[in-house]
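Participant: Have a look at this one before I ask anything.
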Amino acid sequence: MELKHQIRCPFISHSNMSKKTCSEIIREARQSLRVQSTQRPFTPKESHRQLFGANSVRAGHDNRPSSTFSVCARNFDASNSRPASGNRLPPLNHKPTFPVPSVAETVPKPPLEARRGLAGARVAVLKAGAVPTLQPLQTHTKNDKSRLNSGSDPKPLPARRTTPHRGPVKPGTHRPASDSSKTVQPVGDKTTEQSHHKTGLNDGNSSTEDADALMFKNKVILLLQELESEAAGSSTASLTHLCELCERLHGTLSEARMLGRHCKTRSEILRILFRLIDLRSAQLSLHIAKLCLALSVSGNNLLNICKLIYKISRSESNDILFRHTSIIELLLGVLNTEDVCLSGEALLYCVATFKFLSGNTSVLKVLLDQNFVAVVQTLIYKLCKAEEVNLTTAGHILVQLTATLRNLADHPEARTLFISISILPTLCMVLSLHWDDQDVCTNISRIFSKLSSYSECCLALAQIPESYPTTLEVLSKHPQKQDLVVRLLFTLGNLTAKSSESRQQLYECDGCMDTVIQLYNIYQRRDQLAPQKDPDAPSISLKEADDVLVKLVRLLANMSIHPAVGPLLAANTACIHLLMETLELRSMQESEELLVKVAATINNLSFYLEESSEIRCNHLTTAKLMLKLMLSSSMDATLEATRIFGNLSHHKDVRDFIMQNKVHRFVVTLLDSGSAEMCFSACGVLTNLALDPLNRVRLASEGALAKLVDCLGDFGPCDWQLAGQACRAVWNLTGGGSEELLDTQEREMLLRILTTYLDEGGLEKIEKEVKMEPHSACWELEFLPIAEELMKALQGPDLTAEHTPCF
């Protein structure tokens, strides 16, 4: 009823505008207050795969693990390859047993190179046309006994143990000499003694150990011999054959269930594999690493294997090798089983490998299929909960883990997993525990900025109460870390754009506005405050500062939509002054997006016209600042300025300012823009300007009425809110029909349009022609009341003839 009473008045008076129903306020709020959007901060892909990127704070620090190193055979320790039981391996039945010297005799120690064993004998780097010659694995037959008895030296492999461990000799006792006739047997011969009474096998597992020994003698030893023999070749075909042999060896060991630490011949196999690493073939090295991990290497050997895989993964050309092997599954096993306190460095290089591989779409799919996200979450919990873990190592590993999740965040399947296994609360926990680690925080900020761009992830993140105070704390601790700040502000802007609860929760956090004002000051006056705050901090460019301010101002605009938060922001003196200062300091040529966002924020805040509003107190100053945007070549800036003039033109001095500076001419011209949003805003300004009788004639002389009629005809069926606003502007410009400012042609055209729009049958036909869904509710609320009153006012006693509907 109040709405109809306002329409019957000669014009919509300013006094009546304060008497609005709740539904009217909501509708106006939807028209005036708008969520702001912006582009996600761009992160260029690093040209080189490095353990820590060029922008990492760890660059150049002494505690940073070196990403440049050499992994060769001598780095491996064959003695650490024995099973964890600590028992000595029994002698192999294909090797001779030398006579044991008496106690009095002294056994000379072999030279250092011989004691190093296979892992200590360094082989030259494989070059084109030349492959180092490896010592063949020695086997002995009956013919070897004559050579042994004649004193010949058969030159076995350097570190191969040729005598069994017999334990210490008690004083006063003598060991019997070994009977070589029993221990040396031809390959393939099977005696009862060998089958049932092996030396050193006295426990209840003798049958299993017999089977292992037979498998080693009959199959494994032959493959090892062939590996060594093939390694002496020098062609590419030899490397290919070596890879095939490694695959066959892996299959043989798997078939015989000899993989893992329980394999009794494990050390013998690893000695050969370690030696082949010096051939410097990425494909062969991956096969060797696969075998070593399957044999459960540990300690220094595990570290070197992880380093070897890491070096291979640094080259993108090697990514295809990881798709066709089970190396990923084995590396995930390392992450699952290894102790973070004891094997931290090995885990570091293992996770760094996944970071590189996750940049490849094909390999990333393999990671997701292997349940990689769940493994990462478990490892993160271990790192955060383990009390004895080295904090530096934990930080290094978390950098790699978060960087990997950052790469996964772009994949749809990964985003679904992030939600289903609740990885987002885990990352919030890491952010709260490692807020002082800039690299970790930056990676998490990149994850959040990516995920919050998707509705389902944004909703999941918004439902984590700890996300708001934690994010504000990180922002307050690292205010000058531009790449971190810009992404966290972008994330908060996304949360507040989609959720009304997020706007209130964020604002109610302790120190929210203090942090926002602090950041606004730093990036508004970047040249003055940055050197004083931190002399070593890198200088912030104008583009970087504007990027932060765009995200920050957008956050303010989104928060202001909340009915409880908006008035408080409008009353915040520091906030409003900073926004106006931005309009004064920045130019449209350099900071167009920033100025548009500032204008949009001021427009949202200008909706709240309480007495405490700073914009209400400074409405004329604000209107003057809008001239810069109104006269610019940017249509977005002009649109925001027009919207602000529509809100501020409720004030008489603002209307006088607009007419004195001939801004009304620009407003009338905007009716020809072809943009529904622009026409709607222009209609709002004209509606308020026509409140003053002296302005109506000037507006009519600028062709405002004719353009409003054209605008009504062009946009009516598509936008009933715009059609209703245009009718309000015509009503005020004509004084409710009492002033003859419309010529006969314009009046007839307006009546035909209104007659057509008010006819429900004709309306259905129009909507069908323009392929628009019926908007009966909007038509009934926004257009029908004012259109009926305007039509009655325009129809005089001499205008009773029936008009033909037209469009």
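Participant: Hey, Glu345 hits all of (1) assigned to a helix (DSSP H, G or I); (2) out of contact with any Pro (no Cβ under 7 Å at 6 or more places or on another chain) but one; which does it fall short on?
Facilitator: (2)
Participant: Looking only at helices (runs of 4 or more DSSP H) that lie completely in the range 644-740, which have at least 1 residues being of a type in the set (Lys, Arg)?
Facilitator: 652-660, 663-670, 693-701, 704-715, 720-733
Participant: Moving on. Take the conditions of a type in the set (Ser, Thr, Tyr) and surrounded by 20 or more Cβ atoms within 10 Å (Cβ to Cβ) and apply them to Ser500. Does it pass?
Facilitator: no
Participant: Turning to a different aspect of this structure: If Leu595 satisfies all but one of (1) within 29 Å of Phe783 (Cα to Cα); (2) assigned to a helix (DSSP H, G or I), what's the number of the condition it fails?
Facilitator: In the conditions (1) within 29 Å of Phe783 (Cα to Cα); (2) assigned to a helix (DSSP H, G or I), Leu595 misses (1) alone.
Participant: Scanning for something at pLDDT 90 or above, closer than 20 Å to Ala704 by Cβ and in contact with a His (Cβ under 7 Å, 6 or more places away or on another chain), does the range 661-668 turn up at least one residue?
Facilitator: No, the range 661-668 contains no residue that is at pLDDT 90 or above, closer than 20 Å to Ala704 by Cβ and in contact with a His (Cβ under 7 Å, 6 or more places away or on another chain).
Participant: In this structure, is Thr756 among the polar types (S, T, N, Q) and surrounded by fewer than 16 Cβ atoms within 10 Å (Cβ to Cβ)?
Facilitator: no
Participant: Somewhere in the range 346-359, is a residue surrounded by fewer than 21 Cβ atoms within 10 Å (Cβ to Cβ) and without any contact (Cβ under 8 Å) to a residue 60 or more places away in the chain?
Facilitator: No, every residue in the range 346-359 fails to be surrounded by fewer than 21 Cβ atoms within 10 Å (Cβ to Cβ) and without any contact (Cβ under 8 Å) to a residue 60 or more places away in the chain.
Participant: Can you name every residue in the range 355-367 that is under 14 Å from Ala409 (Cβ atoms) and assigned to a helix (DSSP H, G or I)?
Facilitator: Listed by number, the residues that qualify are Lys355, Thr361, Leu364, Leu367.
Participant: Can you give me the number of residues within the range 640-668 that are surrounded by fewer than 23 Cβ atoms within 10 Å (Cβ to Cβ) and within 45 Å of the chain's Cα centre (by Cα)?
Facilitator: Residues that pass the stated criteria total 1.
Residues are listed down the side, and each one gets a yes or a no for (1) crowded, with 18+ Cβ neighbours inside 10 Å; (2) touching a Pro at 6+ places or on another chain (Cβ under 7 Å); (3) in contact (Cβ under 8 Å) with a residue 60 or more places away in the chain; (4) hydroxyl-bearing (Ser, Thr, Tyr):
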| position | (1), (2), (3), (4) |
| --- | --- |
| Ser591 | yes, no, no, yes |
| Ala600 | yes, no, yes, no |
| Glu614 | yes, no, no, no |
| His619 | yes, no, no, no |
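Participant: Let me ask another. If Ile397 meets every condition in (1) over 26 Å from Phe322 (Cα atoms); (2) over 13 Å from the mean Cα position of the chain (by Cα) apart from one, which number is that one?
Facilitator: (1)
Participant: Is it the case that some residue within the range 329-340 is in contact with a Lys or Arg (Cβ under 8 Å, 6 or more places away or on another chain), buried (at least 21 other Cβ atoms within 10 Å of the Cβ), closer than 18 Å to Ala289 by Cα and hydrophobic (A, V, I, L, M, F, W, C)?
Facilitator: Checked against the condition, which is being in contact with a Lys or Arg (Cβ under 8 Å, 6 or more places away or on another chain), buried (at least 21 other Cβ atoms within 10 Å of the Cβ), closer than 18 Å to Ala289 by Cα and hydrophobic (A, V, I, L, M, F, W, C), the range 329-340 yields no hits at all.
Participant: Ile380 - would you say it is assigned to a helix (DSSP H, G or I), surrounded by fewer than 22 Cβ atoms within 10 Å (Cβ to Cβ), of a type in the set (A, V, I, L, M, F, W, C) and not assigned by TED's automatic domain parsing to the domain that holds Leu249?
Facilitator: yes
Participant: Looking at the range 535-578, which of its residues are among the β-branched types (Val, Ile, Thr) and surrounded by fewer than 14 Cβ atoms within 10 Å (Cβ to Cβ)?
Facilitator: Passing the criteria: only Thr573.
Participant: Another question, then. With the structure loaded, tell me whether Leu308 is touching a residue at least 60 places away in the same chain (Cβ under 8 Å) and over 27 Å from the mean Cα position of the chain (by Cα) or whether it fails that test.
Facilitator: yes
Participant: Additional query: Could you count how many residues in the range 273-292 are over 34 Å from the mean Cα position of the chain (by Cα) and surrounded by 23 or more Cβ atoms within 10 Å (Cβ to Cβ)?
Facilitator: Residues flagged as over 34 Å from the mean Cα position of the chain (by Cα) and surrounded by 23 or more Cβ atoms within 10 Å (Cβ to Cβ) within the range 273-292 amount to 5.
Participant: Next question, about the same structure. Please go through the range 598-634 and pick out each residue that is over 24 Å from Leu568 (Cα atoms) and not in a helix (DSSP H, G or I).
Facilitator: Those that are over 24 Å from Leu568 (Cα atoms) and not in a helix (DSSP H, G or I): Leu631, Ser632, Ser633, Ser634.
The values are calculated or read from the model by the stated rules, or taken from the named source; none is laboratory data. For clarity, every value in this text was computed on a predicted model and none was experimentally measured. Ideal geometry is used to build each Cβ from the backbone, glycine not excepted, and the neighbour counts take in all protein chains shown.
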